[in-house]
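Have a look at the structure below, then the notes.
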Amino acid sequence: MNQGLQRFLARIFVSLTLTVISLNAYASCNAVSPTGTPLNQPYTLKIGLQRLTLECDISAPVILSFTRDHITYSQLYTQDLMSVEALTGSRKAFFIPQGRHTFYLDLSAQVPTPFAPSVQSVAQYQRFSTVHTLTLSGFVGFCLALTLYVGMLGNSVRNMGFYSYSFYILSAAIFFTLQEGLFNIGFEDLSVLNSVHLHLFFVGVTVFAAVRFLDQLLDLKVLLRQWQRNLLLYLSYIALGLAFLQLPFGFNAAVLVNMGFSVVTLLIMAIVLAAAIYAVVRKVHCSRLVLAGLSIVVLAMLARFTLDNISPFLQRYGLIIGITIEAFIFAIATAKKVKKLDEDRLTAYRKASMDTLCSVMNRSGWEGFAKELVDTHKREGGYLTVLFVDVDNFKRINDKYGHNAGDTVLQVIAKIVTNRCREQDAVGRIGGDEFVILSHCFSEGQSQRLAERIIKGLEGRDVKTANCLVPVSASVGVFITSEPSVKLDTLIQQADANMYKAKERRRRKK
């Protein structure tokens, strides 16, 4: 065996030896008082201030760390009662040097809470801390992005139900950030961040906002019976009320409130799941997405209690990942819902604003659109062009050829006018045989060309009806102005007056 290979094998042996030493460095670090057990075994803290005596005999430096859930005070002391400076991080952490040491760990817990400190090598702790911080930061950033996105969608439809999604995701992000200690990185000494009251408050707000959002998304007002929907909403108000109720009371009261809150939350989850399944059966819009999102969260909650020995990572972060996936699915569902609402609103608007006979707007719809064009002209300038169209001798057409023939004539006139206008022009039927067009043009020449197209298209022609050919002509009054303060009524009056002048000229020519 050559010397190069020997040196290579020696390095591997040394590396493995150091790794084994590092991994087993905390094997003899025990809590001799009051438990007499290794530190990595869970221990239930009592309410109030208490002291643990730690005996450590380690062969390499380690980091002692633990979560701060419901622990409002924690400090590590040496045997000489000198305080050990804590490391900055989401968990409470202390550096333990190599050798045999006795430490005193003072803790103050608000409620009886499981306490499972971790003793890791410096490299292991750094790796865990980095993964933990990046995971939580990514979750919070994703939630904030969805909060803004859906908030803007809600603003576009002026619907408070979609603002509830933003509150739901934001509250969930704050809760998990508090629970996982991310705020402690920047606010090390702010003990209220670990308060059971604050955690319960954001859980209550999260549950309430989720119910309000799902009520809107699944159309529970239509889907469920009134008492069923009211039961769900009342339970959400109870959850929110309990969240506020426990704030001013002591820790014992908070524990009782938490028990009641747990029952209410389970009832809400059961009703929401049942409603989502029923919505899928009834083929409610987006119900499949909602059920998928809820199912993922339920599975993540179950995994939190069953994956401890299978996948510690999923056991710890499974619920956060589940909430992230659910939030993304709900955002997709919200976007689809907003799109459907916009389409329904546009359909309803068109139905209400369109003439039942001709494919143009009725008087009400035309006036609304025309006012928008007048406002645009005031802001941007240009020219307003108004054309008032009146079918010549329309009463005679009805009397001679019948009302069905008259309806066909009106439909043909509307089609001619529409084909010669732009999509952004307002075309409407405001009377029996009267049509009006309003166009915002950027030059007088553009306005004149529009008027010429309409007039030429409505020159005398024969309209084919079911039984005969009907000779049809129309008089067009044109009014063009660049006056920015002109009113809509004035525009119509001027065009109407010009239409009568055009009609009179046509009579004289005959």
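The values are calculated or read from the model by the stated rules, or taken from the named source; none is laboratory data. These numbers come from a predicted model, not from an experiment. Backbone-built Cβ (ideal geometry, glycine too); neighbour counts: all protein chains shown. Surface areas here come from the heavy atoms of the whole protein model, side chains and all, with no ligands, DNA or RNA. Shrake-Rupley method; radii C 1.70, N 1.55, O 1.52, S 1.80 Å.
Accessible surface calculations at 1.4 Å, restricted to protein heavy atoms, place the stretch 356-465 at 50 Å² per residue.
What angle do you read, to the nearest 10 degrees and between 0 and 90, between the alpha-carbon axis of helix 251-281 and the longest principal axis of the chain? Taking Cα atoms only, the helix is inclined about 40 degrees. Packing-based ranking of 483-493, 429-439 yields 429-439, 483-493, ordered from highest to lowest mean Cβ neighbour count within 10 Å.
Can you tell me the 0 to 90 degree angle between the C-alpha axis of helix 160-179 and the longest principal axis of the chain, rounded to 10? Helix 160-179 sits roughly 10 degrees off the main axis of the chain.
What is the calculated FRET efficiency for Ser295 to Ser33, with r their C-beta to C-beta distance and R₀ = 56 Å, to the nearest 0.05? My answer for the efficiency is 0.75. So what's the angle, to the nearest 10 degrees on a 0 to 90 scale, between helix 312-353 and the longest Cα principal axis of the chain? Value to nearest ten degrees: 10.
May I ask you to compute the full-extension gain from Glu55 to Arg505, defined as 0.36 nm times their residue separation minus their alpha-carbon distance, rounded to one decimal in nm?
Roughly 150.8 nm would be gained on extension.
For Asp392, the residues whose modelled amide H falls within less than 5 Å of its own, excluding neighbours fewer than 5 places apart on the same chain, are Ser473, Ala474, Ser475.
Seen from all directions on average, the chain presents a Cα convex hull projection of 42.1 nm². Once both labels are positioned 7 Å from their Cα atoms along Cα-to-Cβ, the gap between Leu134 and Arg396 label points is 8.7 nm.
For the stretch 417-434, the residues whose backbone nitrogen is under 16 Å from a point 7 Å from the Cα of Arg453, taken along Cα to Cβ, are 417-428.
A simple charge model with +1 on the Cβ of Lys and Arg, -1 on the Cβ of Asp and Glu and nothing else charged puts the dipole of the chain at about 2100 debye relative to its Cα centre.
3J(HN,Hα) couplings calculated from phi for the stretch 405-415 with the Karplus curve 6.51 cos²θ - 1.76 cosθ + 1.60 (θ = phi - 60°) are, in sequence order, 5, x, 5, 5, 4, 4, 5, 5, 4, 4, 5 Hz; Gly and Pro show x. The order of the peptides 143-149, 376-382 by mean Cβ neighbours within 10 Å, most packed first, is 143-149, 376-382.
Give me the Kirkwood hydrodynamic radius of the stretch 457-510 in Å, from all C-alpha pairs, to one decimal place?
Numbers: mean 1/r = 0.0752 Å⁻¹.
When all Cα pairs of the stretch 457-510 are included, the Kirkwood radius is 13.3 Å.
Between the amide H of Thr465 and those of Val470, distances stay under 5 Å, these residues lying 5 or more places away or on another chain, with hydrogens modeled in the peptide plane. Annotation: amide H-H contacts under 5 Å for Thr113 (H modelled 1.01 Å from N, sequence separation of 5 or more, or interchain): Leu45. Pairs from the list Lys487/Lys509; Lys415/Lys501; Lys221/Lys351 with a Cα-Cα gap above 28 Å: Lys487/Lys509. With a Förster radius of 56 Å applied to the C-beta separation of Arg363 and Ile325, the computed FRET efficiency comes to 0.65. Each principal axis of the stretch 316-378 carries a Cα extent, and these read 63, 33, 12 Å when sorted largest first.
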